[in-house]
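A quick write-up on the structure given underneath.
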Amino acid sequence: MTDSALSHLNRRHWLAQTSAAGLALMAQGRVASASFTTPEPAVGVIDLESRRELFVDRFLIDQLQNVGLKLHEPRLAPAMTEPANNMEYGTIIKDGDLFRLYTRDGRGAKFDGDKPEVTRYCESRDGIHWTKPNLGLIEIDGSRDNNVILHESPFCHNFCPMLDLRPDVPADQRFKALAGTVKSMLYAFVSPDGIHWTKLSNEPVIRYTKEYAFDSQNVSFWSTSENCYVCYFRHFLEGKLRSVCRTTSSDFLTWTEPVPLKPNFPGEHIYTTLTHPYFRAPHIYVATPTRFHPERGESTDILFMTARGDGPYDRTFREAFIRPGLDPDRWGNRSNYAALNIVPTSVEEMSIYLTPFRRFVMRTDGFASLHAGADAGEMISHPLRFSGHRLVVNYSTSAGGVLRVELQDSNGQSLPGFSLTDCMPLTGDKIEQTVRWKSGEDLSTVTGKTVRMRIAMQEADLFAFQFPA
């Protein structure tokens with residue numbers, strides 16, 4: 001097959017090839033073919049500017065031959081020091097070089113929002129070694145020697161903070177939170193330091209209808225791509241399935257009418273979605289919801305979903321992201337809840353925290369990859385433009401594997417100097433590797449022009465790429 005042959009395949013022939021290849025790859029492991037909830041591929045020219053893109057969906061993909069999208073499995077890390085009380089409805093915020101942890105302590109509560117519940121606060125400098133600062137703010141059981149930051153029913157049941165990244169946010173509102181149950185509805189809180197909190201309004205900001213269920217985390221964040229606040233909260237789809245709604249706001253006080261997103265497969269319960277912007281590509285929202293199996297002893301596992309702005313959730317990967325595992329205690333109800341936010345714990349590693357206080361690690365950008373096995377394969381992107389002047393990839397190969405990149409014009413013809421034969425082969429394992437051709441790495445001659453990317457690979461994974469300045 002010539003360098004541009006993929007661009008001239010008959011459409012029916014290409015579909016037959018990719019379907020067969022997808023079935024073969026699915027047999028190898030966690031490699032996905034398109035599911036019925038996967039959004040339609042992008043049309044027109046995709047303007048990447050200089051943002052990082054991840055292979056967590058088919059947004060960039062036009063053609064595949066003998067490659068597929070592979071979901072990668074988080075690894076359980078060694079035990080952490082100074083464990084919190086429980087990670088149920090927990091939130092992790094990386095604030096500069098400080099990790100902030102917020103957890104609920106039920107203290108014998110009999111129902112959601114019961115008076116004994118408190119919100120506790122812990123800190124870490126590495127996301128592994130945690131301390132419980134003696135804050136002295138609130139008297140609990142006759143003493144202020146504790147790390148409690150909130151003791152106000154019913155808001156401690158699901159108090160869910162976020163670091164507000166809005167450019168002009170007032171200093172005394174640098175942190176925000178939503179909290180409440182069905183009876184109270186959702187109230188907004190603000191804080192200058194993530195420790196001292198006050199209500200932003202004395203009235204609820206998101207109100208109840210019979211379909212809504214505010215009992216779990218009601219996650220919110222400032223979206224840099226949508227230029228507004230976004231909130232995801234639980235509701236009942238068709239009155240019976242646990243699912244998720246979405247609402248937006250310009251000021252964190254007035255919110256739009258919630259829209260049901262309906263990411264569920266038939267009969268599937270999705271609980272506490274934990275949707276948030278990925279820290280290295282904030283235009284991509286990642287979600288690690290709990291999937292609830294009431295018919296199987298109320299067992300649970302963790303899923304992986306993504307969304308792009310106000311678009312639907314992508315369900316390219318239907319299987320569990322994190323399984324309960326060997327521990328029998330993980331096979332009961334409420335045994336597998338992730339904390340809000342996946343955070344970097346080193347240049348090469350990001351961490352996901354689960355109940356009761358476990359840390360799972362993944363390669364940076366490593367949720368999923370464009371994957372090729374022992375047989376060589378290729379991907380051709382939709383037409384795209386970029387504003388940077390070089391190409392950086394996050395990739396991994398076996399000792400015998402290889403990855404190469406070609407830049408084509410919009411008609412699928414290789415650009416002079418940027419063909420596969422001009423590309424210096426990539427073999428190894430790098431979080432950030434600049435792609436070079438025989439003429440070098442400078443892409444100034446094609447910056448701003450419409451191109452396609454052709455990725456040729458064997459025994460390799462491509463996790464992410466970027467055209468930085």
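Remarks
- The radius of gyration of the Cα set in the chain, together with its Dmax, comes out at 23.4, 78 angstrom.
- Taking the longest Cα principal axis of the chain as reference, the axis of helix 11-28 is set at about 50 degrees.
- Net length gained if the chain between Glu441 and Cys228 were fully extended (0.36 nm per residue, minus Cα distance): 73.0 nm
- Considering only the chain, percent of DSSP beta bridges that pair antiparallel, nearest 5: 95 percent
- Ranked Ser351, Ser184, Ser143, Ser419, criterion: other C-beta atoms within 10 Å, fewest first: Ser143, Ser184, Ser419, Ser351
- For the chain, the mean residue ellipticity at 222 nm estimated from helices alone is -1500 deg cm²/dmol, where every DSSP H run of n ≥ 4 contributes -39500 (n - 2.57) and the total is divided by all residues, rounded to the nearest 500.
- Radius of gyration, Dmax [the range 161-258; alpha carbons; angstrom]: 13.3, 42
- Cα→Cβ-extended label distance, 7 Å offset, between Arg323 and Asp251, nm: 5.1 nm
- Convex hull volume of the Cα atoms of the range 291-380, normalised per residue: 174 Å³.
- Within the range 387-469, the proportion of Cα pairs with more than 18 Å between them is 38 percent.
- Qualifying aspartates and glutamates (Cα of each under 12 Å from Cα of Lys449; at least 8 residues distant if same chain): Asp47, Glu49, Asp409
- Sequence-distant lysines (8 or more away, or on other chains) whose Cα lies within less than 24 Å of Lys199: Lys94, Lys115, Lys176, Lys183
Quick note: the coordinates plus some simple rules give every number you see, no bench work behind them. Treat the numbers as computed from the prediction; the structure is a model and nothing was measured. All Cβ positions, even for glycine, are placed from backbone atoms using ideal geometry, and neighbour counts span all protein chains on display.
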